[in-house]
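S.K.: Take this structure, written in structure tokens, and hold onto it; I'll ask about it next.
The values are calculated or read from the model by the stated rules, or taken from the named source; none is laboratory data. No experiment lies behind these values; they were computed from the predicted model shown. Methodologically, a virtual Cβ is constructed for each residue, glycine included, from the backbone with ideal geometry; neighbour enumeration extends over all protein chains shown. SASA here: full protein model, heavy atoms, side chains in, ligands and nucleic acids out. Shrake-Rupley method; radii C 1.70, N 1.55, O 1.52, S 1.80 Å.
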Amino acid sequence: MLLAMMVAVAGGQVVAELPDPFLKPDGTRVRSRREWPAQRRRLLETILHHQYGPLPPKGSKVTGDIVGQRAAPDGLGEVRDVTLSMGPHGVVKVRLMLAIPAGKGPFPVILDGDLGWDRLNDAFVTLMLKRGYILAAFNREQVGPDSADRKGVYEAWPEYDGGRLSAWAWGFHRTLDYLLTLPEVDGKRVAVTGHSRGGKCALLAGATDERIAVTAPNNSGCGGAGNYRFYDDKCETLEAIVQRFPYWFHERFADYVGNVQRLPFDQHTLKACVAPRALLSTEALGDLWANPKGTQQTYQAAKEVYAWLGVPDRVGIRFRPGKHEHGLADFETLLDFCDVQFFGKAVSRHFDALAFPDAPKVWSWTAP
Ligand code: GCU
């Protein structure tokens with residue numbers, strides 16, 4: 001109750017720059033690293049309250065039925081088709097594709113929620129398996145439809161009022177519950193990813209679940225890794241996204257239409273909530289709608305928190321030329337990042353190159 005009141009008050013102030021992630025609701029600042037876990041929880045609470053709404057309750061134990069199985073191309077492993085049962089009494093049924101390398105595990109995992117888009121064909125399976133990773137891809141639209149329809153978790157819990165991005169983030173967590181029951185899975189090395197709206201919810205999933213070691217939104221832009229306060233002409237804005245996709249968010253988020261500077265956080269705050277765990281955003285220079293420059297700014301601002309926590313190299317950004325897509329090249333970038341984070345491997349790619357070196361610094365706070 002007290003926290004909810006403080007959250008509401010914080011929402012009243014005008015902050016023109018990217019808000020200070022070290023600021024506590026009582027107006028004082030975090031002073032030591034030991035305070036970070038509590039501060040992270042407060043920031044998440046604020047972000048969920050004003051933007052996405054809560055995640056659904058945990059529900060019953062997630063189970064999986066293997067309904068199909070085939071050999072992966074070139075003898076690289078096997079591909080399972082699994083039906084997951086989650087939610088109250090397992091009533092929410094979600095399809096999961098699970099590609100597992102041959103040989104002795106356990107293996108690190110790339111967990112993706114975009115199966116419903118039907119783009120993860122055998123070329124993606126082959127890439128993952130060759131690199132020694134499990135590819136686990138579930139259909140987030142069975143957790144909650146990509147529309148205002150109240151199916152999936154909304155039918156299972158009629159009172160549930162979180163937006164789709166929260167419901168989908170929950171889908172990542174429940175799929176992970178199942179993965180962690182499998183002997184093939186290395187539970188300490190799980191990365192979550194997704195494209196665009198799928199990247200927005202992957203970022204939220206990673207920020208809200210400490211079991212996730214790497215969080216990797218791709219071209220996620222507005223509502224994801226891009227910032228709300230600073231954007232160019234061609235970028236999606238808070239107004240545009242709330243108008244077209246109100247159901248992705250909590251109803252309260254509409255209060256910030258025309259009022260973005262009263263938002264008590266920006267998306268660097270959500271990124272910081274992943275810290276000290278690893279975070280990579282992959283961006284396309286031609287994807288102006290997704291605000292690549294504003295995404296660089298959230299990266300730089302979040303990096304202040306990572307550096308303060310002593311892990312500056314756990315946050316990365318990678319720009320490529322080209323358009324809005326989540327292609328093989330983006331997955332290769334992610335696998336390189338995971339190889340570094342999970343196994344300390346040396347790779348030739350850098351994850352700190354700025355595409356907009358002259359972009360202004362849009363915050364004035366410094367780490368404590
Ligand atoms: C729309 C939407 C974006 C979203 C994208 C996608 O363009 O405005 O916010 O990221 O769809 O999911 O592909």
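S.K.: Being under 17 Å from Ala301 (Cα atoms), open to solvent by 10 Å² or more (accessible area, probe 1.4 Å), at pLDDT 95 or above and not aromatic (Phe, Trp, Tyr) narrows it down to one residue among Arg244, Arg211, Arg229; which is it? Talk me through it step by step, then tell me what you get.
M.R.: Details: Arg244 fails: under 17 Å from Ala301 (Cα atoms); Arg211 fails: under 17 Å from Ala301 (Cα atoms).
None of the others qualify; the one that does is Arg229.
S.K.: If the requirement is being in contact (Cβ under 8 Å) with a residue 60 or more places away in the chain, more than 23 Å from the chain's Cα centre (by Cα), under 23 Å from Ala213 (Cβ atoms) and buried (at least 18 other Cβ atoms within 10 Å of the Cβ), which of these qualifies: Gly77, Gly64, Gly105, Gly113?
M.R.: Details: Gly77 fails: in contact (Cβ under 8 Å) with a residue 60 or more places away in the chain; Gly105 fails: buried (at least 18 other Cβ atoms within 10 Å of the Cβ); Gly113 fails: more than 23 Å from the chain's Cα centre (by Cα).
One residue alone meets the criteria, Gly64.
S.K.: Criterion first (touching a strand residue (DSSP E or B) at 6+ places or on another chain (Cβ under 9 Å) and within 12 Å of the ligand (Cβ to nearest atom)) does Gly206 satisfy it? If you could, list the steps in order and put the result at the bottom.
M.R.: Details: touching a strand residue (DSSP E or B) at 6+ places or on another chain (Cβ under 9 Å): yes; within 12 Å of the ligand (Cβ to nearest atom): no.
Spelling it out, it is not the case that Gly206 is touching a strand residue (DSSP E or B) at 6+ places or on another chain (Cβ under 9 Å) and within 12 Å of the ligand (Cβ to nearest atom).
S.K.: Here's another thing I want to ask about it. Give me the pairs: first residue in the stretch 175-194 and closer than 10 Å to Leu98 by Cβ, second residue in a helix (DSSP H, G or I), beta-carbon distance under 9 Å, and six or more apart or on different chains, which are they?
M.R.: Listed by first residue and then by second, the contacts come to Val185/Leu179.
S.K.: Still on this structure, please answer the following. Which residues, taken from the stretch 35-54, are within 20 Å of the chain's Cα centre (by Cα) and either among the acidic types (Asp, Glu) or open to solvent by 40 Å² or more (accessible area, probe 1.4 Å) (or both)?
M.R.: Residues satisfying the conditions are Pro37, Arg41, Arg42, Glu45, His49, Pro54.
S.K.: Still on this structure: Determine which member of the set Leu328, Leu354, Leu309 is under 21 Å from Asn121 (Cβ atoms) and either touching a residue at least 24 places away in the same chain (Cβ under 8 Å) or open to solvent by 60 Å² or more (accessible area, probe 1.4 Å) (or both). Write out each step before concluding.
M.R.: Values: Leu354 fails: under 21 Å from Asn121 (Cβ atoms); Leu309 fails: under 21 Å from Asn121 (Cβ atoms).
Criteria check complete, one pass: Leu328.
S.K.: Go through the stretch 184-198 and count every residue that is out of contact with any helix residue (DSSP H, G or I) (no Cβ under 9 Å at 6 or more places or on another chain) and either within 16 Å of the ligand (Cβ to nearest atom) or open to solvent by less than 20 Å² (accessible area, probe 1.4 Å) (or both).
M.R.: So in the stretch 184-198, the residues out of contact with any helix residue (DSSP H, G or I) (no Cβ under 9 Å at 6 or more places or on another chain) come out as 184.
Still in the running and either within 16 Å of the ligand (Cβ to nearest atom) or open to solvent by less than 20 Å² (accessible area, probe 1.4 Å) (or both): none.
Residues in the stretch 184-198 being out of contact with any helix residue (DSSP H, G or I) (no Cβ under 9 Å at 6 or more places or on another chain) and either within 16 Å of the ligand (Cβ to nearest atom) or open to solvent by less than 20 Å² (accessible area, probe 1.4 Å) (or both): 0 in total.
S.K.: Does any residue in the stretch 1-26 that is in a helix (DSSP H, G or I) come within less than 7 Å, Cβ to Cβ, of a residue that is at pLDDT 95 or above and buried (at least 19 other Cβ atoms within 10 Å of the Cβ) six or more places away or on a different chain, and which pairs are these?
M.R.: Pairs found: Val7/Thr46; Val7/His49; Ala10/Thr46; Ala10/Pro264.
S.K.: Output the number of residues of the stretch 255-284 satisfying the condition of being open to solvent by 20 Å² or more (accessible area, probe 1.4 Å) and either modelled with pLDDT under 95 or more than 16 Å from the ligand (Cβ to nearest atom) (or both).
M.R.: First pass over the stretch 255-284, keeping only residues open to solvent by 20 Å² or more (accessible area, probe 1.4 Å): 255, 257-262, 264, 276-277.
From the residues that got through so far, the ones that are either modelled with pLDDT under 95 or more than 16 Å from the ligand (Cβ to nearest atom) (or both) too are 255, 258-259, 261-262, 264, 276-277.
Qualifying residue count, the stretch 255-284: 8.
S.K.: What pairs come out if I take residues in the stretch 247-268 that are within 18 Å of Ala207 (Cα to Cα) and pair them with residues that are modelled with pLDDT under 95 whose C-beta lies under 7 Å away, six or more apart or interchain?
M.R.: Pro264/Ala10; Pro264/Gly11
S.K.: For the stretch 144-163: of the residues being open to solvent by less than 10 Å² (accessible area, probe 1.4 Å) and within 16 Å of the ligand (Cβ to nearest atom), which is farthest from Ser60 (Cα to Cα)?
M.R.: Looking only at the stretch 144-163, we keep the residues that are open to solvent by less than 10 Å² (accessible area, probe 1.4 Å), and these are 144, 153-154, 162-163.
Narrowing the set further to residues that are within 16 Å of the ligand (Cβ to nearest atom) leaves 144, 163.
Details: Gly144: 17, Gly163: 21 Å.
Within the stretch 144-163, the match that is farthest from Ser60 (Cα to Cα) is Gly163.
S.K.: While we're here: Give the residue, chosen from Asp339, Asp352, that is more than 16 Å from the ligand (Cβ to nearest atom), acidic (Asp, Glu) and within 20 Å of Arg211 (Cα to Cα).
M.R.: Details: Asp352 fails: within 20 Å of Arg211 (Cα to Cα).
After ruling out the rest, the residue left standing is Asp339.
S.K.: Further, regarding this structure: Count, please, the residues in the stretch 143-178 that happen to be under 18 Å from the mean Cα position of the chain (by Cα) and in a helix (DSSP H, G or I).
M.R.: The number of residues fulfilling the criteria is 14.
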